[in-house]
Amino acid sequence: MKLSFTKMQGCANDYIYLDCRKSGVPENIAALSEKLSRRHFSIGADGIICICAAQTAGADGMMRIFNADGSEGRMCGNGVRCVAEYLFRHGYASGTAADVETLSGVKHIVRREPGLLTVDMGAPELAPEKIPVTGFAKPVVNELVEVNGGAVRMTCVSMGNPHCVVYVPDTAGLNLPVLGGAMEHSKWFPEGVNTEFIQILDETHLKMRVWERGSGETWACGTGTCATVAALTELGICPAGEDIHVQLRGGVLTIRVLPGRQLLMTGAAETVCEGTTEV
């Protein structure tokens with residue numbers, strides 16, 4: 001059977017996008033995501049994102065995300081920008097704003113120009129049970145913990161999915177598979193965790209590498225970038241109300257914290273290619 005797809009990327013966070021608005025999500029989506037996401041052997045991607053018919057009144061579409069290991073994620077900030085761009089480009093959303101339903105709620109996206117979008121990511125959640133992170137009775141902010149034989153300071157945040165922000169002097173020399181894997185499977189995170197390793201350049205410029213649960217190192221993570229800026233704002237390192245520029249392996253995302261801790265994320269969304277594959 002031939003499967004039509006669109007490959008898109010936001011800050012090099014690349015996914016295979018399937019238009020499932022009429023057909024629904026394929027029954028074998030977990031196996032399909034594992035198969036098609038294999039780089040060098042298939043299309044290659046961080047996973048599959050299904051663009052579905054909205055279930056919430058007023059929404060323009062719904063996003064379901066499946067990681068490269070077949071597991072389902074709740075939210076992807078770079079992915080939701082690409083979904084919105086797809087809806088605009090194909091005439092399924094009109095004007096300059098779209099609402100996309102996710103498993104973490106409906107996200108409002110403004111299209112500033114073709115390929116450049118701002119997402120209202122909502123407010124971060126720091127309560128341990130909401131992330132979830134276990135072993136802590138209060139929000140985990142700049143907590144010193146031992147990981148893989150070394151000590152790190154971590155701040156735990158949910159942006160609809162779990163994040164752990166770790167501060168490092170230099171992101172370049174990290175052994176990310178070891179450190180990221182240790183965090184993902186640590187005793188504190190019963191559902192796994194996405195870990196952001198952050199180098200602070202100054203109060204409005206950061207460098208970041210990310211290890212995503214179910215996918216390993218990716219070149220960018222929108223929710224992780226938001227979680228990072230939220231964490232550093234809580235610590236008084238990054239100022240609220242100003243654009244914070246985060247350099248990832250795949251490019252730059254710009255985050256702004258508004259009153260009430262609401263986060264806006266601005267970044268690109270581009271089509272890489274379209275095609276069909278035999279499945």
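Taking E278, is it at pLDDT 95 or above and either in contact with a strand residue (DSSP E or B) (Cβ under 8 Å, 6 or more places away or on another chain) or assigned by TED's automatic domain parsing to the domain that holds C164 (or both)?
Here the answer is no, as E278 does not meet what is asked.
Only one of G173, G181 is under 20 Å from G73 (Cβ atoms) and surrounded by fewer than 19 Cβ atoms within 10 Å (Cβ to Cβ); which?
G181
Considering (1) crowded, with 24+ Cβ neighbours inside 10 Å; (2) assigned to a strand (DSSP E or B), say which one Q9 fails and leave the rest.
(1)
List pairs: first residue in segment 21-48 and under 15 Å from T277 (Cα atoms) and of a type in the set (S, T, N, Q), second residue in a helix (DSSP H, G or I) and modelled with pLDDT of 95 or more anywhere in the structure, Cβ distance under 8 angstrom, at least six positions apart or on different chains.
Once the first residue is under 15 Å from T277 (Cα atoms) and of a type in the set (S, T, N, Q) and sits in segment 21-48, its partners that are in a helix (DSSP H, G or I) and modelled with pLDDT of 95 or more give S42/K35; S42/L36.
Here is a list: C238, C221. Which entry is at negative phi, without any contact (Cβ under 8 Å) to a residue 40 or more places away in the chain and surrounded by 23 or more Cβ atoms within 10 Å (Cβ to Cβ)?
After ruling out the rest, the residue left standing is C238.
Looking at S104, S33, which is the one that is surrounded by 18 or more Cβ atoms within 10 Å (Cβ to Cβ) and under 28 Å from Q262 (Cα atoms)?
Being surrounded by 18 or more Cβ atoms within 10 Å (Cβ to Cβ) and under 28 Å from Q262 (Cα atoms) holds for just one of S104, S33, which is S104.
Quickly run through segment 241-259 and pick out the residues that are farther than 21 Å from E203 by Cβ and surrounded by fewer than 17 Cβ atoms within 10 Å (Cβ to Cβ).
Correct list: R249 only.
From the set of residues in segment 49-81 that are free of Cβ contacts under 8 Å to residues at least 40 places away in the same chain and outside any strand (DSSP E or B), which is farthest from A30 (Cα to Cα)?
A57
Output the number of residues of segment 250-279 satisfying the condition of being more than 14 Å from the chain's Cα centre (by Cα) and not in a strand (DSSP E or B).
Residues that pass the stated criteria total 6.
List the number of the failed condition for H40; all other conditions in (1) surrounded by fewer than 22 Cβ atoms within 10 Å (Cβ to Cβ); (2) part of a strand (DSSP E or B); (3) not aliphatic (A, V, I, L, M) hold.
(2)
With respect to V165, is the statement that it is farther than 19 Å from A240 by Cα, at pLDDT 95 or above and either of a type in the set (K, R) or not in a helix (DSSP H, G or I) (or both) true?
In short, no.
The values are calculated or read from the model by the stated rules, or taken from the named source; none is laboratory data. Keep in mind the model is a prediction, meaning the values are calculated, not measured. Note that we place each Cβ from the backbone using ideal geometry, even for glycine, and neighbour counts take in every protein chain shown.
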